[in-house]
Amino acid sequence: MSESDTPEPDAPADSEEAEENALLFGVWDVTDIEYGDPSTERYLNVTPIAHTMGRHASKQFQKSEISVVERLINRLMQTEENTGKKQMTMRIVRDAFEIVHERTEENPVQVLVTAVENAAPREETVRLKYGGISVPQAVDVAPQRRVDQGLKFLADGVQRTSYKTSTSAAEALARQLIGAADYDVQTYAINQKEEKERVAAAAR
């Protein structure tokens, strides 16, 4: 048998490792995600990498190139208790994804994308000054800001429902994701989105 005919014993292991590395948290497939909102699809990037070590920090708008999962993790860290605790926050998101999968039997990454799309407001108000008078004016929300706002509402909902309560952060996040994906107006994120659009409609 020639050298070229000798089988490579490590090939199967390498292929299995490569396949696992292509999965988010080694579990969730991110290749067949469906988008219901064409305007935000460009800014809802989904990759199997949940921690890019801050590679997007050097440019203002490069954040849209990192995974929406990591952006959610970063948002969850923006509280007094969780600042800088990325490994802990990643565990919270991973546990929440498992809860979402158990309750919906769906890919939790797909649930997250749908939740962000549903929680993203389409209109908001700005303050315009005419002389000494400040007047609210309704404006359309840019797609990138819509995604930012959707993630913010989800993170705020988690903080409000888990802080000083018996509800764990993972459980609170799972409830927010499932509720927002189903467009349940009782969910904090959807409630805030509806409120923003209601105020904007009154200021047209």
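When the Karplus curve 6.51 cos²θ - 1.76 cosθ + 1.60 is applied with θ = phi - 60°, which whole-Hz ³J(HN,Hα) does each residue of the range 154-164 get, with x for Gly and Pro?
For the range 154-164, the Karplus-derived couplings read 5, 5, 5, x, 5, 5, 5, 8, 10, 6, 6 Hz, x marking Gly and Pro.
Estimate the FRET efficiency between R145 and S166 by the formula 1/(1 + (r/R0)^6), using the beta-carbon distance for r and 22 Å for R0, to the nearest 0.05.
Efficiency for this residue pair is about 0.05.
Percent of Cα-Cα pairs more than 16 Å apart in the range 152-201, please.
Looking at the range 152-201, the distances longer than 16 Å represent 36 percent of pairs.
How big is the chain on each of its three principal axes, counting only the C-alpha atoms and giving the largest first in Å?
For the chain, the Cα extents along the three principal axes come out at 90, 39, 31 Å.
Provide the per-residue ³J(HN,Hα) series for the range 169-185, in order, calculated from phi with Karplus coefficients 6.51, -1.76, 1.60 and θ = phi - 60°, each as a whole number of Hz, with x at glycine and proline positions.
Calculated HN-Hα couplings, in order: 5, 5, 5, 5, 5, 4, 5, 4, 5, 5, x, 5, 5, 8, 6, 8, 5 Hz.
When the Karplus curve 6.51 cos²θ - 1.76 cosθ + 1.60 is applied with θ = phi - 60°, which whole-Hz ³J(HN,Hα) does each residue of the range 87-103 get, with x for Gly and Pro?
4, 5, 5, 4, 5, 4, 5, 4, 5, 5, 4, 5, 5, 4, 5, 5, 8
Using a Debye calculation, one point per C-alpha and no hydration shell, please list log10 I(q)/I(0) for the range 97-204 at q = 0.22, 0.23 Å⁻¹ in order.
Rounded to two decimals, the profile gives -1.09, -1.15.
Taken together, the values in this text are just the output of simple stated rules run on the coordinates, not laboratory data. Keep in mind it's a predicted model, so treat the numbers as computed, not measured. For neighbour counting, all protein chains shown are included, and Cβ atoms are generated from backbone atoms with ideal geometry for every residue, glycine included.
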